[in-house]
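Shown next, in C-alpha cells, is the structure this report addresses.
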2 protein chains.
Amino acid sequence: MKEGPDIALIGSLIGDPARANMLGALMSGKALTATELAAEAGITAQTASSHLGKLEAGGLVQKSKQGRHRYFSLADDDVGAVLESLMGLAALKGHTRVRTGPKDPALRRARVCYNHLAGEMGVQMLDSMKQRGFVVEDEDQLELTVKGHQFATGLGINLDALRSTRRPLCKSCLDWSARRSHLAGALGTALLEHFYKTGWADRLEGTRIVTFSKTGETEFARHFKIAEG
Amino acid sequence: MKEGPDIALIGSLIGDPARANMLGALMSGKALTATELAAEAGITAQTASSHLGKLEAGGLVQKSKQGRHRYFSLADDDVGAVLESLMGLAALKGHTRVRTGPKDPALRRARVCYNHLAGEMGVQMLDSMKQRGFVVEDEDQLELTVKGHQFATGLGINLDALRSTRRPLCKSCLDWSARRSHLAGALGTALLEHFYKTGWADRLEGTRIVTFSKTGETEFARHFKIAEG
DNA sequence: ATTATGTTTCGATTAACATCGAAGTATGAA
DNA sequence: TTCATACTTCGATGTTAATCGAAACATAAT
C-alpha cells in the first residue's frame, strides 16, 4: 500500500501482553530460558514457545541452545534502544502498569537497560564523563577521548579487547525515566560488569533493579561526581 | 505483573496494519481528515473512526474539529520520534513493505518527518549547522548559538516567536534511512516551512517525499554546504 | 426547508490468534 | 535402559477485535 518500512509487524509483536512481558524481562540483559520467560509472562510453556518463535522470526530476540536449555536474549542493542524509547512514550502518556509499589523509586534510581546501567545513576555517570572530557559527542556517536581511555584503563577495563569487537564502543541511549541519555555500547556494558565484579553493585533478583552497596555508592559518587554549574 | 511502563498498549495500537498506515500518513506532518485517513488505510469510514478513537484514547493522535471535518494529527513530537525509530528498526530487520518502487530513493533523499526535514538532505542540514557552529550539542538538547541565531534570522525566520512557545527550539531526531540525526523541534519545523515558502521545495502529493526545485537544490547546497574532512 | 457530505454509533459477522491439553522430540541423569 | 526435564508441535477451543452495512447525528451548501 504505502512505501517505507513496515512498523505494524514489529508493533504487533510488542503489542501482545505476554510478549511485552517477555521483552521487558529480557531488558534485564540476562539470557533467560523459555520456561523462565513463560513464568515471567504468566503463561504455559507451550504458549511461550509459540511467542518466542514469532519474536525470533521477527528479529527481536535470538536463541542459543545449551544442552537441553534454550537461552533467549534480545537480538541486539537496537532492539533494546527501541524498547526503552517505547517505555519512555508509554510513561509519558501515563500508560503505567497497575503495580506502582515501593520498587518503582529504586527502578528510577538504578536499573539495567539490556546490558548497561540506566536510571538516575546511569545518567549521572554519562554526565560526569562528558563534563570531565572523557567522552565527547561527535555526530551521533560518542567518542572516547585519550583522557577517557586512561580513566577506563585505570578502572581495570581492557579497552583493546572491547575495540576489537564489531560493536560500537560508546553509544548513547535515551532513558525513559529521566528522559536524558546514558551510556550504552561496549564500554557501557564493561562498566556495569565492572560494578558487579568489584562488588559495588548487584542485581535484585527477578527485576531490572541494580542495588549499590554502601561502599559501592560512595565509590560511584567519587568516580562519577558532577560539578554543579 | 511487572513494574514499569506498559509498552504492550502502545505496541498493539501501532501493531494493527490499518492504524500503522494512518500513523505513517500522519508522519507527513499534515493534519488529515478521518475520510482521508480511511482511504490511506484502505478501509471504510466507520472502521477508521473506530481506529482513530483508539489512537486518540491512547494519546498517539489528537483531534481538532473544524466545521464538519475532524482533523487528526500526531499528538506531539515524541510520538513522531518513536515512530521514526520504529521505522529504523523495521528497516534494519528487513521488514519492508512490498512496494519498493522508484519512489524509494526519493524517500531516502528528502522526506518529511512529521513536521521537519528528514532523509539525506535533513542529515546534511544538521551536519552543516553543527560544523559551522550554528548549533552545539549540550546534553541531549541541541542549543542554538549566537551565530546560529544570526543565520536563521538572516533567512527571515522569527526566532522570538518560536522561543515564545512551550516547544523546544532544537531537538535531534534519529533518521531511519541514514541512521544519523537530523534537526527537529520548532526550528526544524520553521526551516521546512521556509523551504516551502521560498519555493525551494514542495511536497509530492500523497507521500512523505519532499521535492526540491532546481534553484532550491542549489540554494540548499549553498546554505548548508559541508566541508569535507 | 431540503439535500449533500463528513463522522460516529450500533449490531452482526468473520477471521485471527492466544491459550492450553496432549503427545512428540531431545538432552541429561540415574 | 529407564526416568526426568526442557522444549516443540499438533489440534481444539474460546475470546478478541477488525470489518462493514445500516442508521443516526452534525454541519454545510442550495
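The values are calculated or read from the model by the stated rules, or taken from the named source; none is laboratory data. Everything quoted here is computed from the prediction, not taken from an experiment. Methodologically, a virtual Cβ is constructed for each residue, glycine included, from the backbone with ideal geometry; neighbour enumeration extends over all protein chains shown.
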Of the residues in the range A:39-54, those that are in contact with a strand residue (DSSP E or B) (Cβ under 8 Å, 6 or more places away or on another chain) and more than 10 Å from DNA strand D (Cβ to nearest atom) come to A:40
(Q) Considering only the range A:148-163, I want to know if a residue exists there that is within 14 Å of another protein chain (Cβ to nearest Cβ) and either out of contact with any Phe, Trp or Tyr (no Cβ under 8 Å at 6 or more places or on another chain) or not in a loop (DSSP other than H, G, I, E, B) (or both). (A) no
Within the range A:131-143, the count of residues that are over 23 Å from residue A:228 (Cα atoms) and more than 20 Å from the chain's Cα centre (by Cα) comes to 2
Residue B:36 at pLDDT below 95 and within 14 Å of another protein chain (Cβ to nearest Cβ): yes
Among residues of the range A:115-129 being crowded, with 21+ Cβ neighbours inside 10 Å and assigned to a helix (DSSP H, G or I), the residue farthest from the other protein chains (Cβ to nearest Cβ) is A:121
Scanning the range A:42-70 for residues that are exposed (fewer than 15 other Cβ atoms within 10 Å of the Cβ), hydrophobic (A, V, I, L, M, F, W, C) and under 28 Å from residue B:91 (Cβ atoms) gives A:57
Expected single match for farther than 23 Å from residue A:77 by Cβ, within 11 Å of another protein chain (Cβ to nearest Cβ) and more than 16 Å from DNA strand D (Cβ to nearest atom) among B:28, B:73, B:85 is B:28
The residue from B:177, B:213, B:164, B:128 that alone is under 14 Å from the mean Cα position of the chain (by Cα) and of a type outside the set (Phe, Trp, Tyr) is B:177
(Q) Condition first: among the polar types (S, T, N, Q) and in contact (Cβ under 8 Å) with a residue 24 or more places away in the chain. Can you find one or more residues in the range A:193-203 that meet it? (A) no
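One line per residue, one yes/no per condition, for (1) under 17 Å from the mean Cα position of the chain (by Cα); (2) at pLDDT 95 or above; (3) of a type in the set (D, E, K, R):
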residue	(1), (2), (3)
A:6	no, no, yes
A:15	no, yes, no
A:46	no, yes, no
A:52	no, yes, no
A:60	yes, yes, no
